[in-house]
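Right, one structure below, let's go through it.
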Amino acid sequence: VRRLHPDNNIMFTAVLADGGFGHARVRRADEQEEMAQMQPTSMAMAVPVAVAAPTAGRSQEEMVSLFGGLDGIEVAVRSDQHDSEGTYQFLSQVFQQQSTLMNPFGIATATRGSFSIKSTAEGNPEIATLCVATGDRFRGDMAAAIVLPDNTVLAQWSRSSRPTMISSGETDLPVSVFGAPYGKMQTSKWGMGHSYVDASGKGVRPRSHGCFQCKTYWCIASFCLFFPTCSIASIAIICCVMPGVPGLYDLKTTPDGPSVGLLKLWQQGGDISESSKIKLEITPGTDAQTRTAAALAALFMIADIFIDPPKGGNHGGGGAPHAAEMDR
């Protein structure tokens, strides 16, 4: 998984060693070979899914000590692999691979990215990095890792295909911490209901507020103001207000149990480029293990959103349902 440093001179590389994420290392970004490898068509069509060897001298309790003491986290991602150079860049990816039912035009959609995991504490300090890679956004294969500031891989999970309404895929994704089994990420058979389940079977799942969302109320207001204001207020609400209103999810350990946190999801765009952000706010008094499980469930959700298929407009498409929208 590669990303460019903000100064555009250094590229950070998380190497897939022995089928898993190895230690990050630094390379010069002005090397032509490295820049060529940044193109989506040059990435392998399948993401390695094997687990790296256990990290000697590191305890899995570091996972709990990292996330268990936080009141919340924030992660922002952007899926813009194919529009950085305009329409031609996107069209150049058409018919670059075999056509499938979900990808009839054979669009090459391999992408990867690394994103800061920040605490919601004052100053928003960065606590780790989320690295995500896929060989085909339509198929939904995934390799994801949480990398510590010292470039050590804390946790990782992977799958070979995404389950959807029209195709089968993996619903259980084993999680390893320092190379040893820790729990698993789970989705429904349609790829929705992202959750984390530990070895004892206890899990945390974000559950949507459904129709009782702030966006729903703004949409109703837009409809009511369409004729009285000659659509002016409606356009203002849709273009200026609604993009900044998040979708709301309660994090629960049981369907009817109390909420252990609130997950806010912002999404803008929706063509071949989309920006997404999550903010997890943990309920005071929640124990460290549950805080950690909630953070892992939220990170799994945003990682899956990052590799969603390209969509037309803001309402899914592209051969597979948008998991976050379908869950709402």
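The values are calculated or read from the model by the stated rules, or taken from the named source; none is laboratory data. None of these values were measured; they are calculated from a predicted model. Cβ coordinates were reconstructed from backbone atoms using ideal geometry, including for glycine residues, and neighbour counts include every protein chain displayed. Surface accessibility is based on the protein's heavy atoms, side chains included, excluding ligands, DNA and RNA. Shrake-Rupley method; radii C 1.70, N 1.55, O 1.52, S 1.80 Å.
Tabulated values for the structure
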{"quantity": "Filter result (surrounded by fewer than 23 Cβ atoms within 10 Å (Cβ to Cβ) and part of a strand (DSSP E or B)) within the range 155-174", "calculated": "Asp172, Leu173, Pro174"}
{"quantity": "Tally, over the range 114-149, of residues that are free of Cβ contacts under 8 Å to residues at least 60 places away in the same chain, open to solvent by 10 Å² or more (accessible area, probe 1.4 Å) and among the hydroxyl-bearing types (Ser, Thr, Tyr)", "calculated": "2"}
{"quantity": "Test: residue in the range 249-260 that is crowded, with 20+ Cβ neighbours inside 10 Å, at pLDDT 90 or above and either within 30 Å of Phe67 (Cβ to Cβ) or among the aliphatic types (A, V, I, L, M) (or both)", "calculated": "yes"}
{"quantity": "Residue tally, condition open to solvent by less than 10 Å² (accessible area, probe 1.4 Å), over 14 Å from Ile117 (Cβ atoms) and in contact with a Pro (Cβ under 7 Å, 6 or more places away or on another chain), over the range 264-304", "calculated": "1"}
{"quantity": "Set Gly191, Gly210: member being part of a loop (DSSP other than H, G, I, E, B) and crowded, with 19+ Cβ neighbours inside 10 Å", "calculated": "Gly191"}
{"quantity": "Positions within the range 175-186 being open to solvent by 10 Å² or more (accessible area, probe 1.4 Å) and among the aromatic types (Phe, Trp, Tyr), in sequence order", "calculated": "Tyr182"}
